[in-house]
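Below: the structure, in structure tokens.
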Amino acid sequence: MPAETMISVLAVTLLGTGWALWMLPVGTCRECPHCRVEKLAKERETEAQVSRIYGVPMCSGCGRHHRPEEPHRT
């Protein structure tokens, strides 16, 4: 088999595998730790964006955005 044919077959296989991985429903279930971490990361990112918009400072104690009079959240 010529080298060009082998390279083409490997390229198509790689692209097909990439497409199949892209189609996996990552971050949509409630059970697995990965999806829970993804959901928390998205919530923190959204919270940080809203806090920056409204001028809520970042707490040096807990590393989260909240007003000084509010208690620390975990």
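Read-outs: derived from the displayed coordinates by stated rules, not from any lab. Since we're looking at a predicted model, the values are computed, not measured. Methodologically, a virtual Cβ is constructed for each residue, glycine included, from the backbone with ideal geometry; neighbour enumeration extends over all protein chains shown.
Quick one: if the Förster radius is 30 Å, what FRET efficiency do Leu10 and Cys35 give, using the C-beta to C-beta distance and rounding to 0.05? Walk me through the intermediate numbers first.
Values: r = 32 Å, r/R0 = 1.06.
With a Förster radius of 30 Å, E is 0.40.
Between Leu24 and Ala3, what length comes free when the chain is fully extended (0.36 nm per residue of separation minus the Cα-Cα distance, one decimal in nm)?
Numbers: separation 21, 0.36 × 21 = 7.56 nm, distance 3.20 nm.
Length difference between fully extended and current span is 4.4 nm.
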